[in-house]
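Heads up, the thing below is written out as structure tokens.
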Amino acid sequence: MNHRRRAMRTAVFVSALLFGLWSFPAVAGEGNSNVPKHGAAVVLFEGSAPGNFDSFLKTKGLNNDPEHVFTFENGVIRVSGAEMGYLITKQEYANYYLRAEFKWGEATHAPREGMARDSGILYHIQGEQKVWPTSLEYQICEGQTGDFYMTDGAALTGPDGKRETGPSGSAARIKRIGEGPWQNVTGYRDPAGEIEEPHGEWNVVEIVVQGDNVKHYLNGKLVNEGTKAYPASGKILIQSEGAEVYFRDIKLYPLKP
């Protein structure tokens, strides 16, 4: 009788696996059930060329990168961080789900040498190209990844209902949910519970833009959200801000109505 019960339980377990009744946890960021329904991916970068991006450097302007701050190989973008600047999409976007992966390299450069490694994905970019343009930012920084920054007139109402506006030529910040104290030193990790993977491992960044509402996810976890975003659409950029960083699998999915 016991053998028969064990055999039946085994058969039920195997059937559940085969027919998808049970499932195991997905890799961080994969299959995020909080992401709205969306269409097919717009691949922003793939392969060994800039693709849908232009480059901009503070001292050299548009598409002039003789020191190779940005390099492209085997589906990965390397950002050296040696000069302030960015890669920026050629087109503007609204109402989308953006997914990308990043990991830190080793180097840091002046004026941020020895400080927390810093980069970011800026979006809703409007106006002239400069360091830094009017935009919202998904901050990517050791100990702060997931923060909002509103730059050069951009504005957002945070989870606490307080509205933050970035002064002209500067930025305002909304900390990620549950963020602990921060020190601006290389390799810093949040003592309140770091969500970023250990140094050198890939992290999944997700941004959901629904009208003027925005959400930030890090490795599958909601880390920040805001409403009444201004601007509510625009170009998207990847920063070079003093630290070596790598990006891959950068895809944008238009949301369905």
Exercise for the section: Search the range 108-131 for residues being hydrophobic (A, V, I, L, M, F, W, C) and within 19 Å of GLU197 (Cβ to Cβ), and hand back the single one that is surrounded by the fewest Cβ atoms within 10 Å (Cβ to Cβ). Expected result: ALA116
Problem - Failed criterion for PRO181 (all others in (1) touching a residue at least 60 places away in the same chain (Cβ under 8 Å); (2) open to solvent by 70 Å² or more (accessible area, probe 1.4 Å); (3) assigned to a loop (DSSP other than H, G, I, E, B) hold) - result: (1)
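Quick one: which strands (runs of 3 or more DSSP E) sit completely within the range 197-252 and have at least 3 residues that are touching a residue at least 24 places away in the same chain (Cβ under 8 Å), open to solvent by 60 Å² or more (accessible area, probe 1.4 Å) and over 28 Å from ARG112 (Cα atoms)? It would help to see each step written out before you state the result.
On the way: elements: 203-210, 213-218, 221-230, 235-240.
Strands (runs of 3 or more DSSP E) meeting the threshold: 221-230.
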Exercise for the section: Scan the range 149-160 and report the pairs whose first residue is touching a residue at least 12 places away in the same chain (Cβ under 8 Å) and whose second residue is polar (S, T, N, Q) and surrounded by 18 or more Cβ atoms within 10 Å (Cβ to Cβ), with Cβ atoms within less than 7 Å and a gap of 6+ or a chain change. Expected result: TYR149/GLN139; THR151/THR134; THR151/SER135; ASP152/THR134; GLY153/THR134; ALA154/THR134; ALA154/SER135
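Given the options ALA192, ALA229, ALA155, name the one that is at pLDDT below 95 and of a type outside the set (S, T, N, Q). Before the answer, list the steps.
Working: ALA229 fails: at pLDDT below 95; ALA155 fails: at pLDDT below 95.
Testing whether each residue is at pLDDT below 95 and of a type outside the set (S, T, N, Q) leaves just ALA192.
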Practice task
Only residues that are farther than 18 Å from ILE207 by Cβ and hydroxyl-bearing (Ser, Thr, Tyr): list them for the range 68-105, please.
Solution key: THR71, SER80
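The values are calculated or read from the model by the stated rules, or taken from the named source; none is laboratory data. Fair warning: this is a prediction, and the values are worked out from it, not measured in the lab. Cβ coordinates were reconstructed from backbone atoms using ideal geometry, including for glycine residues, and neighbour counts include every protein chain displayed. Note: accessible area is taken over every heavy atom of the protein model, side chains too, but ligands, DNA and RNA are not part of it. Shrake-Rupley method; radii C 1.70, N 1.55, O 1.52, S 1.80 Å.
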